[in-house]
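Q: The structure's right below; bear with me while I get my questions together.
No value in this document is a laboratory result; all are computed from the given coordinates. The structure presented is a predicted model; accordingly, all values stated were derived computationally and were not measured. Positions of Cβ are generated from backbone atoms using ideal geometry, with glycine treated the same way; all protein chains shown enter the neighbour counts.
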Amino acid sequence: MNKKNDNKGNMRFLISRWLRWDKIGTVCVFLRIPVAVILPILTAFLPQLLVSAIEFQWDFLYFVKALLILSSVILILTMMSRFLEARLKEFQAGISMHYAVEMMHKLIHMDYERLESYEGRAQFQRCKKFAFEGEQADGAWSAVRLTGLLTSLLGIVSYSALFGRISIWLLAVILGSCFVELFISSRIIQFGDQTENQMVRGEMEFFYLYRIATQKEIEKDIRLSRAGSWLMKHLKQAENKYMDVMHAYTVQSTRSLGIQVLCTIIRDFSTFGFLVFSVLQGDILASEFLFYFSLVTGFSDWINGISGHIKSLKRIMLECAHYRRFISMPNVQKEGKRIPIDKIENIELRHVYFSYADSIVLRDINLCFRVDENIALVGANGAGKTTLIKLLCGLYQPTEGEILINGISMRDLDLENYYMQISAVFQEYMVLPTNVLCNITLRETNDELKEWEKELGVALNKEATILSGGQKQKMLLARALYKKGSLLILDEPTAALDPLAEEKLYQQYKDLAKDRISIFISHRLSSTQFCDRILLMDNGEIIEEGTHRELMKKNGAYKRMFEEQGHYYQENES
Ligand code: ADP
């Protein structure tokens with residue numbers, strides 16, 4: 001069945017999660033329903049009791065006993081209601097956190113290629129909203145809406161039974177007017193939905209222009225160019241467009257609200273008229289009059305609540321379907337034999353192709369990497385270097401061709417085990433909000449690492465998040481080396497380093513790369529001369545391969561790029 005419309009399945013999913021993560025909380029959540037319905041009925045019964053005592057001249061002791069019992073029940077239920085409200089908040093917070101943890105777990109273990117895809121990213125964004133975004137994240141908020149709906153339904157049934165006792169016609173008038181109100185409020189909601197998209201678009205347009213116009217950095221540009229009047233003109237247009245939509249919404253909802261008020265007046269007048277008439281006729285007692293009188297407004301509250309709850313639940317079911325789809329996406333290891341390896345000795349790529357959706361990004365790549373070899377991967381932006389690295393790391397699988405690790409196909413490897421063999425420093429990195437030592441070791445440890453401290457030039461107990469860009473880069477290098485992976489990947493590792501630190505890294509690189517396969521990625525050719533083999537990529541292909549000397553001798557693309565870059569860097573550095 002299409003999960004989008006699988007409301008039953010989504011509801012089962014939500015409730016099974018509540019029960020799994022907070023059984024007592026779930027019971028409390030459902031207990032709110034009878035309490036919310038019974039409490040106002042009993043409260044309305046209190047004045048009836050008082051008037052009845054006078055009407056029938058009850059025995060004083062009997063009256064006090066009845067009053068005490070009723071008040072105590074009301075008091076207990078009121079306390080219960082308060083407690084259940086507080087418990088609901090705790091329940092919502094806990095459920096949201098559990099969803100967040102479940103989502104994170106999936107994020108860490110799911111197939112990377114799926115996650116990176118447009119669909120995966122979009123799915124993840126929606127999940128975040130469902131699982132953990134503020135107190136009202138849908139996963140937990142569904143409890144409020146579902147119990148709200150059930151309370152309204154139970155309230156309507158109970159109140160109908162009570163009013164039906166005095167007159168079926170009165171009940172018909174009340175229900176009729178309430179349903180007209182319900183219809184109108186759902187129309188307002190529908191209209192709100194339709195205009196919401198236009199409002200959001202208008203608001204975004206306005207705020208985008210507003211943000212640009214108020215940016216400190218562009219104040220100079222605004223003064224020196226014609227951008228100021230252009231911005232003002234478009235800001236005004238966006239404001240008018242937005243205000244038109246808002247105005248239409250206000251007019252429409254005011255009209256609808258007028259009809260709603262009319263319904264309320266008709267209902268209240270006919271109910272009160274009927275009740276007064278019944279008392280005068282002697283059909284009901286004055287005490288009963290009081291009781292029904294207090295219940296009338298509650299009736300419309302139950303009915304009015306329904307449309308909001310249903311609308312919200314419909315939306316939540318849709319989001320829930322997205323969440324379910326996300327967490328059932330395949331994990332890293334989809335297929336294969338899961339062969340573990342102790343060390344990466346050699347890597348071979350045979351006729352490897354890779355495409356993102358329809359566009360081919362890598363074409364017929366044939367390569368071999370061996371231990372103790374320093375390889376540089378160079379090429380202009382968009383040449384395919386990062387994609388090739390993702391394939392080597394096992395994050396993507398080739399669209400065609402094969403990657404062999406120690407002669408074993410990557411598809412048959414235990415990928416989680418393979419990841420453990422890789423030490424990598426990427427340009428987008430992760431600094432954990434803890435000290436430098438923990439950021440290097442990625443575990444709680446008492447390792448001394450004194451000589452590392454000297455190399456890094458920062459205390460290991462220092463908070464890592466406050467390090468400078470260059471210090472962070474050094475720390476990430478230390479993390480990669482500490483892991484002792486047999487495949488070392490450094491993606492532009494010198495970008496944030498000062499010239500001295502950069503020079504030092506080149507000098508030490510041979511040592512760092514010893515006994516490993518190491519791959520150094522850079523768009524700056526002068527920084528890779530020391531490597532044993534340079535692979536020049538262009539448009540998804542390896543177009544030249546060799547040492548710096550060999551490639552310069554070849555007088556081809558590498559030499560051209562090297563010389564062009566040489567001019568550029570010299571000009572910029574002078
Ligand atoms: P490099 O690292 O050499 O700059 P990349 O491997 O990042 O190059 O990108 C190679 C090509 O693949 C580029 O044309 C880029 O636009 C495209 N590309 C990269 N990532 C994606 C993606 N997730 N979806 C679609 N195309 C992508």
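Q: In terms of modelled amide H atoms, which long-range or inter-chain residues lie less than 5 Å from the amide H of Gly485?
A: Sorted by chain and number, the residues that satisfy this are Ser423.
Q: For the stretch 521-531, what does the Karplus curve 6.51 cos²θ - 1.76 cosθ + 1.60, with θ = phi - 60°, yield as ³J(HN,Hα) per residue in whole Hz, taken in order and with x for Gly and Pro?
A: Karplus-based 3J(HN,Hα) across the stretch 521-531 equals 9, 7, 9, 9, 5, 5, 8, 10, 4, 6, 7 Hz.
Q: Using the Karplus equation 6.51 cos²θ - 1.76 cosθ + 1.60 (θ = phi - 60°), what ³J(HN,Hα) coupling, rounded to whole Hz, does each residue of the stretch 78-95 give in order, writing x for Gly and Pro?
A: Going residue by residue, I get 5, 5, 4, 4, 4, 4, 5, 5, 5, 5, 5, 4, 4, 4, 4, 4, x, 5 Hz, with x marking Gly and Pro.
Q: Output wanted: per-residue J couplings in Hz (rounded whole) for the stretch 385-391, from phi through Karplus 6.51 cos²θ - 1.76 cosθ + 1.60, θ = phi - 60°, x for Gly and Pro.
A: These are the phi-based 3J(HN,Hα) values: 4, 4, 5, 4, 5, 4, 5 Hz.
Q: Now, a different point. Place the peptides 39-47, 231-239 in order of packing, highest mean first, counting for every residue the other Cβ atoms within 10 Å and averaging per peptide.
A: Averaged packing, sorted descending, gives the order 39-47, 231-239.
Q: How much length is gained on full extension from Glu451 to Asp412, taking 0.36 nm per residue of separation minus their Cα-Cα distance?
A: 10.1 nm
Q: With 23 Å as the limit, write out which pairs from Lys484/Lys559; Lys483/Lys510; Lys454/Lys483 have Cα-Cα distances beyond it, or answer none.
A: Lys484/Lys559
Q: Sequence-distant or interchain residues sharing an amide H contact under 5 Å with Ile339, placed H: which?
A: Those qualifying (amide H under 5 Å, at least 5 residues apart or on another chain) are Leu413, Asp414.
Q: Also, quick follow-up: Can you list the lysines whose alpha carbon sits under 17 Å from that of Lys23, skipping same-chain ones fewer than 8 residues off?
A: Lys89
Q: Next question. Roughly how many nanometres apart are two label points built 7 Å out from the Cα toward the Cβ at Thr297 and Leu70?
A: Placing both labels 7 Å along Cα→Cβ, they lie 2.0 nm apart.
Q: At a 10 Å Cβ-Cβ cut-off, how would you order Trp58, Trp302, Trp230, fewest neighbours first?
A: Trp230, Trp58, Trp302
Q: Run the numbers on the chain and let me know its relative contact order in percent, using alpha-carbon pairs under 8 Å that are six or more apart.
A: About 15 percent, as a whole number.
Q: Quick check on the chain: of the DSSP beta bridges with both residues there, what percent are antiparallel, nearest 5%?
A: If we restrict to bridges inside the chain, about 50 percent are antiparallel.
Q: Sort 141-148, 167-174 by the packing proxy (mean of other Cβ within 10 Å over each peptide's residues), most packed first.
A: Sorting 141-148, 167-174 by mean packing, highest first, produces 141-148, 167-174.
Q: 5 Å is the cut-off here: which amide hydrogens, built 1.01 Å from N in the peptide plane, fall below it relative to Gly401, excluding neighbours closer than 5 in sequence?
A: Amide H neighbours of Gly401: Tyr353.
Q: Starting with the highest mean, order 95-102, 448-455, 558-565 by the number of other Cβ atoms within 10 Å, averaged over the residues of each peptide.
A: Ranked by mean Cβ neighbours within 10 Å, highest first: 95-102, 558-565, 448-455.
Q: Restricting to Cα pairs below 8 Å that are 6+ residues apart, what does the relative contact order work out to for the stretch 3-327? Please round to a whole percent.
A: Taking the mean separation of contacting Cα pairs over the length of the stretch 3-327, I get 32 percent.
Q: Near Phe354, within a Cβ-to-Cβ distance under 9 Å, what is the net charge of the other residues, with Lys and Arg +1 and Asp and Glu -1?
A: Cβ neighbours under 9 Å give a net charge of +1.
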